[in-house]
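Chemist: Mind looking over this structure? Questions follow.
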Amino acid sequence: MTASPPPLPLSGPVEDYLKAIYELELVGAPASTNDIADRLAISPASVSGMVRRLADQGLITHEPYRGVRLTDDGRRAALRTLRRHRILECYLTEVLGYPWDRVHAEAERLEHAASEELVELMASALGDPAQDPHGAPIPTRDGRVEEPTLATLAETAVGEQVRVRRVHDKEPARLRYLAELGIRPGSLMRILDKAPFEGPITVWVEDSGGGTTRAVGVGLAAQVFVERAAAE
């Protein structure tokens with residue numbers, strides 16, 4: 001049986017668009033032109049032109065006024081880019097010692113330049129990690145990824161014990177503050193109190209000394225994704 005030819009290389013901007021559309025589609029709805037523009041910090045007019053090009057290449061489907069969705073080819077390309085990005089983040093953090101608040105921007109710069117061979121060597125050297133430093137799942141070599149449905153810390157009830165699975169990685173200042181609070185993927189927390197009228201959430205965070213009580217604003221809590229944990 002003849003092996004399938006490797007996929008044709010895509011330009012950096014095309015990969016950025018496909019990755020953005022994939023992430024927007026995770027909420028279940030087609031990605032709108034304005035949403036894509038906001039995600040990539042460009043004008044809606046520029047998005048409209050690229051959307052036509054991507055549709056012509058068979059990477060997306062587009063219905064006017066209804067948004068766009070990735071085709072199977074587009075999704076595979078998006079996942080290849082996400083794999084490169086997240087493996088790079090892991091390598092930069094674990095091998096080169098980059099702090100987790102700076103690694104996303106560095107991986108954004110490198111993801112279009114790194115070859116698939118280099119990324120796979122990095123992945124093997126790291127023991128094929130399943131998540132990046134912020135808890136995001138890393139697509140497999142054959143293009144599979146599990147995107148679990150997670151609640152946010154803001155949605156949890158008083159008395160619940162939860163473990164952090166993932167945090168948003170786009171804002172370095174937020175990541176630095178979460179690190180100061182001891183809140184990272186894997187952290188165990190218990191919800192002690194929720195102030196009314198969107199006041200702060202008081203949580204107990206497990207640490208090497210046993211645990212620390214912290215106050216987390218609702219806006220920040222909405223960027224921390226958790227799963228229920230059994231009492232320990």
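Chemist: Exactly one condition in (1) under 25 Å from ASP169 (Cβ atoms); (2) part of a helix (DSSP H, G or I); (3) out of contact with any Phe, Trp or Tyr (no Cβ under 6 Å at 6 or more places or on another chain) is not met by MET50; state its number.
Modeler: If we test MET50 against (1) under 25 Å from ASP169 (Cβ atoms); (2) part of a helix (DSSP H, G or I); (3) out of contact with any Phe, Trp or Tyr (no Cβ under 6 Å at 6 or more places or on another chain), just (3) comes out false.
Chemist: For the stretch 95-105, state whether one or more residues are within 22 Å of GLU15 (Cα to Cα) and acidic (Asp, Glu).
Modeler: Within the stretch 95-105, not a single residue is within 22 Å of GLU15 (Cα to Cα) and acidic (Asp, Glu).
Chemist: Checking the conditions here, which among GLY74, GLY67 is among the small types (Gly, Ala, Ser), modelled with pLDDT under 95 and surrounded by 15 or more Cβ atoms within 10 Å (Cβ to Cβ)?
Modeler: Unique residue meeting the criteria: GLY67.
Chemist: Considering LEU92, LEU110, which residue is in contact with a His (Cβ under 9 Å, 6 or more places away or on another chain) and on the phi < 0 side of the Ramachandran plot?
Modeler: Only one candidate passes the filter, namely LEU110.
Chemist: Between residues in the stretch 98-116 that are surrounded by fewer than 19 Cβ atoms within 10 Å (Cβ to Cβ) and residues that are in a loop (DSSP other than H, G, I, E, B), which pairs lie under 7 Å by C-beta distance while being six or more apart or on different chains?
Modeler: GLU106/TYR98
Chemist: Output the residues belonging to the stretch 65-94 that are over 16 Å from the mean Cα position of the chain (by Cα), farther than 14 Å from GLU15 by Cα and among the charged types (D, E, K, R).
Modeler: Across the stretch 65-94, the qualifying residues are ARG66, ARG69, ASP72, GLU94.
The values are calculated or read from the model by the stated rules, or taken from the named source; none is laboratory data. Computed from a predicted model, the values in this text were never measured in an experiment. Every residue, glycine among them, receives a Cβ derived from its backbone with ideal geometry; neighbour counts consider all protein chains shown.
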